[in-house]
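The values are calculated or read from the model by the stated rules, or taken from the named source; none is laboratory data. Please read all numbers here as calculations on a predicted model, not as lab measurements. Please note: Cβ atoms are built from the backbone with ideal geometry, for glycine as well, and neighbour counts cover all protein chains shown. Surface areas here come from the heavy atoms of the whole protein model, side chains and all, with no ligands, DNA or RNA. Shrake-Rupley method; radii C 1.70, N 1.55, O 1.52, S 1.80 Å.
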Amino acid sequence: MDITFKPSTNLIELAKITFNNMEPYYRKYSVDWRVQEIVEKTSGLENFDILHQSSIVGVLRLQYDVDYCYLRDIQVDPLFQNKGIGKAALMEAKRLTLNYGLKDLKLRVFKISPAINLYKRNGFTVESEDDRFFNMVAKVS
């Protein structure tokens, strides 16, 4: 599958993908977010369109810290899930982490998310946890 990444210019479209994917979690945990709140919370991040055949099928969001890169989000349109796009996005996040001169890629994921398996298969381990989330880290090289 031909997957490419480019800096995002349409944060509203990406927020809609995020909202549609995350809405069951928002409902379960009583998070009152809408598309506009997602745009506001993600506008300061490094946002990338995930493209398949020139069409946006998802979003990759990163935030850089002094010591590590924080993977804030990978969201893939449900029609394109389970096709290797999440793995490709993780590889791109690791590449960008290295390009920034960092060696750790961190993320936070709901404990009930099926994405945990993707992260574990791609080198992430649980660093800490609370009642809702796993905080995970992967060494990149």
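Can you tell me which condition I50 does not meet? The list is (1) modelled with pLDDT of 95 or more; (2) open to solvent by 20 Å² or more (accessible area, probe 1.4 Å); (3) among the hydrophobic types (A, V, I, L, M, F, W, C), and all the others hold.
Status for I50: all satisfied but (2).
Taking helices (runs of 4 or more DSSP H) that do not extend beyond region 22-141, which have at least 2 residues that are in contact (Cβ under 8 Å) with a residue 60 or more places away in the chain?
Answer list for region 22-141: 85-99.
Tell me which residues, restricted to region 101-116, are of a type outside the set (D, E, K, R) and modelled with pLDDT of 95 or more.
Listed by number, the residues that qualify are G101, L102, L105, L107, V109, I116.
Of all residues in region 88-98, which are under 15 Å from C69 (Cα atoms) and surrounded by 13 or more Cβ atoms within 10 Å (Cβ to Cβ)?
Residues satisfying the conditions are A89, L90, M91, E92, A93, K94, L96, T97, L98.
Being open to solvent by 90 Å² or more (accessible area, probe 1.4 Å) and modelled with pLDDT of 90 or more is the filter here; which residues of region 8-46 pass it?
T9, K16, N20, Q36, E40, K41 - these are the residues of region 8-46 that are open to solvent by 90 Å² or more (accessible area, probe 1.4 Å) and modelled with pLDDT of 90 or more.
Looking at F134, F124, can you tell me which residue is open to solvent by less than 30 Å² (accessible area, probe 1.4 Å), more than 22 Å from T4 (Cβ to Cβ) and aromatic (F, W, Y)?
On inspection, the qualifying residue turns out to be F124.
Identify all residues within region 53-87 that are hydrophobic (A, V, I, L, M, F, W, C) and either open to solvent by less than 70 Å² (accessible area, probe 1.4 Å) or closer than 13 Å to A138 by Cβ (or both); write none if there are none.
I56, V57, V59, L60, L62, C69, L71, I74, V76, F80, I85
Of the residues R108, R72, only one is of a type in the set (K, R), in contact with a strand residue (DSSP E or B) (Cβ under 7 Å, 6 or more places away or on another chain) and within 19 Å of I12 (Cα to Cα); which?
Just a single option satisfies the conditions, and that option is R72.
Anything in region 99-111 that is closer than 15 Å to F133 by Cα and open to solvent by 90 Å² or more (accessible area, probe 1.4 Å)? List them, or say none.
R108
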